[in-house]
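A short write-up of the structure that comes next.
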There are 2 protein chains.
Amino acid sequence: MFKIDEVARETGLTKRTIRYYEEIGLMPAPERSEGGTRQYTQAHIEHLQRVISARDVLGFSLQEIQEYMGYAQALTGQRELYPQIREPERQLEKLREMDGTLEAQLRALDEKVGKILAMKQELEQFRNRVNAGIARLEHEHLQNEHQPETKITEGKNS
Amino acid sequence: MFKIDEVARETGLTKRTIRYYEEIGLMPAPERSEGGTRQYTQAHIEHLQRVISARDVLGFSLQEIQEYMGYAQALTGQRELYPQIREPERQLEKLREMDGTLEAQLRALDEKVGKILAMKQELEQFRNRVNAGIARLEHEHLQNEHQPETKITEGKNS
DNA sequence: TCTAACGTTGACGTTAACGTTATTATGATG
DNA sequence: CATCATAATAACGTTAACGTCAACGTTAGA
């Protein structure tokens, strides 16, 4: 059982942010002590780390993360796969819908990876040009150190 | 030469956003007609597409994109590699600094790719579980369709 | 038990990234 | 050259994602 300050240190979030994520439903509300103090579990910390990952890495808005986390929660078993649905036909429908959503999300991730790799290539190309410039300047610098006087003293006398 | 509305259609940005990006220095200010109308070139469009990519794919803030675009601009030749610096020693220093920054950016991109792939794996795992659930339900459904009457009519007569 | 440190709940403030509206000027077209 | 769709500037509005501050309750340790 952790208090909010420890969770903040573990995750790097501020206490305000942690409460805010609970407020907007991005986090399951933790149990409270008799006095009202929030008591977090390890699962809460891991949940927050997923949220951070989605936020920072994918650049998702917190709204988008809510959808994504719906599946992540199910994945970690914090929530049942098909909760209170009794009729098997509705269950099947729901599962097929989830499969479709997941497929779309996976495709989106592939696309992102592709674009990042493209940017990487551009940056690498550019870095090569920079390195070529460095090499050239270093070469010129060497020239100037090995025969510097010749040009300067030239045409003075003789 | 494009007017702002064509640029908007090409890039998918609104006119407001295009002007805003110019305002905060995220875009080189285009030439103006005598009357003051902005006249964009193909280079401007490509520039904007890079900005969009960095914004959407990497989730960068516009501030962060400014730094990134410093290099991207040099890459497309819209800006010289080492502009008005005359002293070769300062040039070398500058180039080495750029190389360092680029290396850091490349590492950051690698890290992002890694995290995305990790998320992909989790989603794929979860999708497998969903598909297993679908298969199970479909199987049960078949059972119910092949021998439905037997149970219902059973015990009626005979 | 008392107190210092921490927690909670409002409530208002802030910043980035635009949207929207109004007013006025521009430019292609019949 | 008249006009009608566009463009520009200015200014205020909006939303997400928190920060900050005040007032008050809780908790753990001397």
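Coordinate-derived values only; no laboratory data. Because the structure is a prediction, the values reported are computed rather than measured. Glycine also receives a Cβ, built like all others from the backbone with ideal geometry; neighbour counts cover every protein chain displayed.
Structure values in brief
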| read-out | value |
| --- | --- |
| 7 Å along Cα→Cβ, label-point gaps from A:His139 to other copies, nm, shortest first | 6.9 |
| Chain B Cβ-axis minimum, rotational copy A, residue and distance in Å | B:Gly59, 1 |
| Position B:Asn128, label points 7 Å along Cα→Cβ, spacing to each other copy in nm (shortest first, one decimal) | 3.9 |
| When each of A:Lys15/A:Lys112; A:Lys15/B:Lys120; A:Lys112/B:Lys15; A:Lys112/B:Lys112; A:Lys115/B:Lys120; A:Lys3/B:Lys120 is checked by Cα-Cα distance, pairs over 21 Å | A:Lys15/A:Lys112; A:Lys15/B:Lys120; A:Lys112/B:Lys15; A:Lys3/B:Lys120 |
| Shape of region A:4-116, Cα gyration tensor, a/c cut at 1.5 | oblate |
| Inter-chain shielding of A:15-23 (mean C-beta neighbours from other protein chains, 10 Å cut-off) | 0 |
| Label geometry 7 Å along the beta-carbon vector: B:Glu93 inter-copy distances in nm | 7.0 |
| Average beta carbon contacts from partner chains per residue of A:54-62, 10 Å cutoff | 4 |
| 10 Å Cβ neighbours from other chains, averaged over peptide B:122-128 | 5 |
| For region A:4-116, size of Cβ-based charge dipole, Lys and Arg +1, Asp and Glu -1, in debye | 260 |
| Rounded FRET efficiency, nearest 0.05, which uses the C-beta distance separating A:Glu67 from B:His141 and R0 of 41 Å | 0.90 |
